[in-house]
Amino acid sequence: MWGRKSEEDNLYHELLELLQEGCGCLLCTLEERYARKYLEMMLYEMVNDIDTRKELTLSRGCCRHHAHLLAGMGDGLGAAIIYSDQVELFLQFIDREAEAGQRGAAKGISTRWNDHPECPVCLREREAGERFARALLNGLKKTEMRNAFAGGTGLCVSHFLRTMESVKDRGTRDFLFTAQRTILQSLLADLDEFKRKNDYRFRHEPFGREKDAWKRAISMLTGD
Ligand SMILES: [Zn+2]
Ligand SMILES: [Zn+2]
């Protein structure tokens, strides 16, 4: 029980710190951080772990996003071990297909290759994401967390909608609508100011906080 409590406390403080640092969508940031940690663990400790390799074999490796994240982590050997399996699998697959399709076209070949369980990192990231969203909702019962959230850049559209789906109490629901609304209005004002300063008549005016408004708008709509 104590362990669970302190885990909740740690998560609460991690959330609070990220919001106070200014992190873009809090839930995107936490999920990405989690995915990196998971991939690191997979690379450094579990590369020769039978169950993990089997799971990766069944899922045909990672999804595009997580495969590229893995590629950027600089562990060539770990990636080589995991992806040797994948290259071998694809080779066996096209051999089987070539054999089976001798008398006809390769119709349905994409479906046959793409029919597999989900990327293991996506799967765990989603579970972790639900935990993060619950921690945020719990945290928002406190003024400290509410102030940090209101001072931040809000949630991306996808995380905002998903979080709203699981809000249980009216107070948090109203707070989130109001805070997100205020953040959106301020973003819109920054976008207007950015556009105005791009007008040749005002080009001599230096940029302020609106300089990255377009980046924040893209992040807000599509996630980080
Ligand atoms: Zn997000
Ligand atoms: Zn994935």
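As a test of the formula, what do you get for the chain when each DSSP H run with n ≥ 4 contributes -39,500 (n - 2.57) and the sum is divided by the residue count, at 222 nm and rounded to the nearest 500 deg cm²/dmol? Walk me through the numbers on the way to the answer.
On the way: 11 runs with 162 residues, N = 224.
Counting only the DSSP helices, I get -23500 deg cm²/dmol.
For Asp174 paired with Ala98, estimate the spin-label separation in nm (one decimal), with each label point 7 Å from Cα along the Cα-to-Cβ line.
Simple spin-label model gives 6.9 nm for this pair.
Calculate the spin-label point distance for Ala150 paired with His204, positioning each point 7 Å from the Cα along the beta-carbon direction, and give it in nanometres.
4.0 nm
Filter the chymotrypsin sites (Phe, Trp or Tyr not before Pro) in the stretch 155-224 to those in DSSP coil with at most 10 other Cβ atoms within 10 Å of their Cβ, and list the result.
On the way: sites: Phe160, Phe175, Phe177, Phe194, Tyr200, Phe202, Phe207, Trp214; in loops: Phe207.
Passing sites in the stretch 155-224 do not exist.
How high is the FRET efficiency from Arg131 to Glu45, r the C-beta distance, R0 22 Å, rounded to 0.05?
On the way: r = 22 Å, r/R0 = 0.99.
So the FRET efficiency works out to roughly 0.50.
Could you tell me the relative contact order of the stretch 2-159? Use alpha-carbon pairs under 8 Å, at least six residues apart, and round to a whole percent.
Values: 108 pairs, mean separation 72.3, N = 158.
The normalised contact order for the stretch 2-159 reaches 46 percent.
What FRET efficiency would be calculated for the residue pair Leu191, Glu165, taking the C-beta separation as r and a Förster radius of 30 Å, to the nearest 0.05?
On the way: r = 28 Å, r/R0 = 0.92.
It comes to 0.60.
Select from the stretch 16-124 those trypsin sites (Lys or Arg not before Pro) which occupy a DSSP coil region and have at most 16 other Cβ atoms within 10 Å, ordered by residue number.
Within the stretch 16-124, the qualifying trypsin sites (Lys or Arg not before Pro) (loop, at most 16 other Cβ atoms within 10 Å) are Arg103, Lys107.
Give me the extension gain from Trp214 to Glu7: residue separation times 0.36 nm, minus the current Cα-Cα distance, reported in nm with one decimal.
On the way: separation 207, 0.36 × 207 = 74.52 nm, distance 3.63 nm.
The span from Trp214 to Glu7 would gain 70.9 nm if fully extended.
With each label point set 7 Å from Cα along the Cα-Cβ vector, what nm distance links Val157 and Arg64?
Spacing of the two 7 Å Cα→Cβ label points: 1.9 nm.
So what's the gap between the Cα centers of the stretch 87-148 and the stretch 197-224, to the nearest angstrom?
34 Å
Could you list, bin by bin from short to long, the percent of Cα-Cα pairs of the stretch 79-125 in 5 Å steps?
Distribution as computed: 5, 17, 20, 22, 17, 11, 6, 2, 1 percent.
Note the per residue figure in Å³ for the convex hull of the C-alpha positions in the chain. It would help to have the intermediate numbers written out before the result.
Values: hull volume 43.5 nm³, N = 224.
Normalising the Cα hull of the chain by residue number yields 194 Å³.
Bear in mind these aren't lab numbers, they're just calculated from the coordinates by the rules spelled out. Treat the numbers as computed from the prediction; the structure is a model and nothing was measured. When we count neighbours, we look across all protein chains shown, and the Cβ atoms used for this are built from the backbone with ideal geometry, even at glycine.
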